[in-house]
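Asker: Got a structure for you, questions after.
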Amino acid sequence: MYDALSQPWPWYIAGPLIGCFPALLLLLGNKAFGVSSNLRHACAAVFPSGLAHFRYDWRREGAWNLAFALGICLGGVIAGVWFRNPAPVAIATRTTADLAALGIRDFSGLVPGDLFRWGSLLSLRGWALLGGGGFLVGFGTAYAGGCTSGHGLAGVADLQGPSVLALLGFFAGGVAGTFLLLPFVLGL
Amino acid sequence: MATADSARQWTSSPLGAASPSAPRGPRPLGLWVYVFAGILFGVVLTKAEVISWFRIQEMFRFQGFHMFGIFATALPTGIVTVQAIKRRGIRTVRDEAIVLSPKQWGRGIRYLVGGTIFGLGWALTGACPGPLFALLGTGVGVMSVAIGSALLGIWTYGWLRPRLPH
């Protein structure tokens with residue numbers, strides 16, 4: 001039983017389940033599915049600084065979503081710690097080879113252990129990856145008005161043209177980041 | 001007096017009909033419901049390895065089918081379920097109307113440029129906002145630095161917003 005639960009799920013199980021979440025949140029309370037709004041709520045709560053973008057009642061609008069984000073974190077504990085998959089992520093051998101060529105050595109976890117550890121923060125490379133990458137994710141999601149969940153999933157599910165354009169942007173940026181930015185950052 | 005008032009409040013109907021000052025309409029679901037929904041989402045994201053930096057790299061290098069299979073099944077599922085709710089006028093579990101607000105096109109710049117900037121960051125962190133929270137749960141504590149930096153990015157947008165083309 002434990003072995004079955006610690007296995008990763010194939011795409012044809014996970015994909016349809018992920019696709020149900022926009023509808024689930026609408027049915028629960030007419031809520032627009034989108035995780036990045038939580039980052040805005042956090043800014044509005046912690047350092048609004050008088051900016052118009054953060055001047056709204058974040059408790060009223062965001063309490064349900066902050067609760068949802070807490071749940072995502074707890075879900076990570078359940079699926080990633082209690083029912084952790086002991087095997088490395090089964091990516092394509094070509095990807096492993098490409099990443100090894102970029103200097104990645106630790107393929108054992110969900111993320112490369114040689115980059116995603118506290119010690120990385122002693123290097124410019126670590127700050128560029130985590131700090132720079134996080135900054136771009138935050139700025140980009142705010143500018144685009146949503147992230148992979150809000151635009152990519154919920155917006156597309158509602159057949160919104162702007163969300164399709166945003167999803168194309170996510171992908172174009174991701175490919176450019178993979179081939180242009182990542183080699184530079186990992187070479188720092 | 002106060003005891004009588006509070007007693008009446010506690011025994012009033014769920015619709016708050018006993019108290020004229022109570023807001024009309026059904027009582028919203030407790031926050032724990034959304035915590036539970038988030039747990040389900042976090043488990044699925046983690047078990048699907050969507051939160052894996054390696055899977056995101058495999059996707060952006062077009063070297064594996066896994067992530068594309070997830071998008072190819074998640075998007076149609078999302079479209080069919082959300083469109084069914086819209087077209088049949090299905091209401092929430094508390095019988096509220098479901099209203100989806102359309103996104104404003106503006107000049108469309110924000111979606112393409114903002115989306116591309118987001119993608120650049122996604123390629124580095126290997127995680128979009130949902131996975132950032134899930135990875136924190138799986139024990140990658142240093143992801144809190146990426147989350148903190150994302151907050152700084154959002155704040156910077158809020159500051160620059162009046163000067164940016166949308």
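Asker: Report those helices (runs of 4 or more DSSP H) wholly inside the range A:1-57 carrying at least 3 residues which are more than 7 Å from chain B (Cβ to nearest Cβ) and surrounded by fewer than 14 Cβ atoms within 10 Å (Cβ to Cβ).
Answerer: A:2-6
Asker: Hey, can you tell me all the residues within the range B:25-75 that are outside any helix (DSSP H, G or I), farther than 20 Å from residue A:69 by Cα and either within 17 Å of the chain's Cα centre (by Cα) or of a type in the set (Gly, Ala, Ser) (or both)?
Answerer: B:25, B:64
Asker: Mind checking which residues of the range B:84-110 are within 14 Å of residue A:32 (Cα to Cα) and among the polar types (S, T, N, Q)?
Answerer: B:92, B:101
Asker: In addition: Looking only at the range A:81-104, count every residue that is over 25 Å from residue B:137 (Cβ atoms) and assigned to a loop (DSSP other than H, G, I, E, B) and tell me the total.
Answerer: Going through the range A:81-104 one residue at a time, the tally reaches 3.
Asker: So, one more: Kindly evaluate residue B:123 against the criterion of being touching a residue at least 12 places away in the same chain (Cβ under 8 Å), touching a Gly at 6+ places or on another chain (Cβ under 6 Å) and over 24 Å from residue A:95 (Cα atoms).
Answerer: No, not satisfied.
Asker: What are the residues in the range B:92-128 that are touching a helix residue (DSSP H, G or I) at 6+ places or on another chain (Cβ under 8 Å), loosely packed, with under 13 Cβ neighbours inside 10 Å and among the aliphatic types (A, V, I, L, M), if any?
Answerer: Selection gives B:93 alone.
Asker: Here is a follow-up. Checking the structure you have, find out if any residue of the range A:83-93 is of a type in the set (S, T, N, Q) and either at negative phi or at pLDDT 95 or above (or both).
Answerer: yes
Asker: Among the numbered criteria (1) more than 8 Å from chain B (Cβ to nearest Cβ); (2) of a type in the set (Asp, Glu); (3) closer than 25 Å to residue B:81 by Cβ, which one does residue A:158 miss?
Answerer: Condition not satisfied by residue A:158: (1).
Asker: Please go through the range A:152-188 and give me each residue that is free of Cβ contacts under 8 Å to residues at least 24 places away in the same chain, of a type outside the set (Gly, Ala, Ser) and farther than 12 Å from residue B:117 by Cα, ordered by number.
Answerer: Passing the criteria: A:156, A:159, A:160, A:162, A:164, A:165, A:178, A:179, A:180, A:184.
Asker: Got at least one residue in the range A:66-79 being under 18 Å from residue A:150 (Cβ atoms), at pLDDT 95 or above and outside any helix (DSSP H, G or I)?
Answerer: Scanning the range A:66-79, I find no residue that is under 18 Å from residue A:150 (Cβ atoms), at pLDDT 95 or above and outside any helix (DSSP H, G or I), so the answer is no.
Asker: Scan the helices (runs of 4 or more DSSP H) fully inside the range A:113-188 and keep the ones with 3 or more residues being surrounded by 20 or more Cβ atoms within 10 Å (Cβ to Cβ).
Answerer: By residue number, A:133-144, A:161-176.
Asker: Still on this structure, please answer the following. Determine the pairs where a residue that is touching a residue at least 24 places away in the same chain (Cβ under 8 Å), located within the range B:136-164, has a partner that is of a type outside the set (S, T, N, Q) and part of a loop (DSSP other than H, G, I, E, B) with Cβ atoms under 8 Å apart, the partner being 6 or more residues away or on another chain.
Answerer: Matching pairs, first to second residue: B:138/A:84; B:138/A:110; B:138/B:51.
The values are calculated or read from the model by the stated rules, or taken from the named source; none is laboratory data. Computed from a predicted model, the values in this text were never measured in an experiment. With ideal geometry, Cβ positions are generated from the backbone for all residues, glycine too; neighbour counts draw on all protein chains shown.
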